[in-house]
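The values are calculated or read from the model by the stated rules, or taken from the named source; none is laboratory data. If you're wondering where the values come from, they're calculated on a predicted model, not measured in any experiment. Neighbour counts are summed over all protein chains in view; Cβ atoms, including those assigned to glycine, are modelled from backbone coordinates with ideal geometry. Heads up: the accessible areas ignore ligands, DNA and RNA and are worked out on the full protein's heavy atoms, side chains in. Shrake-Rupley method; radii C 1.70, N 1.55, O 1.52, S 1.80 Å.
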Amino acid sequence: MIALRLLALLTSLLILAACAMPEPIDETKEWSASQFYAKAKEALKDSDYEQAIKYYDSLQARYPFGPYATQAQLDTIYAHYKNGEPDSAIAAADHFIKLYPQNAYVDYAYYLKGLANYNRNTSILTRLISSDPSQRDAGAALASFNDFAELVRRFPDSKYSADARQRMLYLRNNIAKYQIHVARYYMKRGAYLAAANRANRVVTQFQRTDAVKEALEIMVDAYTRLGMAELAADAERVYALNLENGKLVTEEPPQEKGFLSTVLSPFGLDKN
């Protein structure tokens, strides 16, 4: 009985203490949409992407309509991308594309989606493990290529399309080289038919890339080991023709210097 009374007394004291505590002050309570946007942009410039995302989310929650809310959705994609959150960036881009397929700046959402996949495998750890991007998982590279291809197809005159085309060339070469790495792995394992098929895929699907010549070399070697003299001779003949045409130059990845100034305010909401 005494224990129950003590428990009731403690509960009452805790309730009174809680009631006596001051409520936390919300400094953003009276903020306008432009104030949220300005604070988010400031955080973005300071590379405080998590804080920027919080401001953008609050802006959209309190002011879901108008140009600032739409701008916030676009900048949120960028903030996730720069914060190393490709999945969140892609989800935000897909959300924007679905909601505003006719928006004047939807090409920007497609572009950021492609960038998110493009840089998915460029973490510091990945670079330490392999300095050659063609040796990394080709899934993200292929997804990025498809994203940029969709941008170029839908918006050929977009200011982002020229950069997207350049990245597509670089990605295409890397995807082809990845197939070569796989083919060489099969050769080491003695899976000569699998190696020949993989190399043949490069020849048929990735023409005019550096990898074609290596693919033909693998095909000649693999078919010879398999005793398929006719196919080996055909591959060798095509290889000779490629040598006559000279070596193709692999595209270098485009740089992102100055990209931030392009992304911050495509709507022109601020003049700075």
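What the table below lists for this structure:
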| read-out | value |
| --- | --- |
| Residue match in region 206-213 (condition: in a helix (DSSP H, G or I), touching a Ser or Thr at 6+ places or on another chain (Cβ under 9 Å), modelled with pLDDT under 95 and over 30 Å from Ile97 (Cα atoms)) | yes |
| Members of region 145-158 found to be in contact (Cβ under 8 Å) with a residue 12 or more places away in the chain, open to solvent by 30 Å² or more (accessible area, probe 1.4 Å) and among the charged types (D, E, K, R), listed by number | Glu150, Arg154 |
| Scope region 61-81; condition free of Cβ contacts under 8 Å to residues at least 60 places away in the same chain and open to solvent by 50 Å² or more (accessible area, probe 1.4 Å); matching residues | Ala61, Arg62, Tyr63, Pro64, Phe65 |
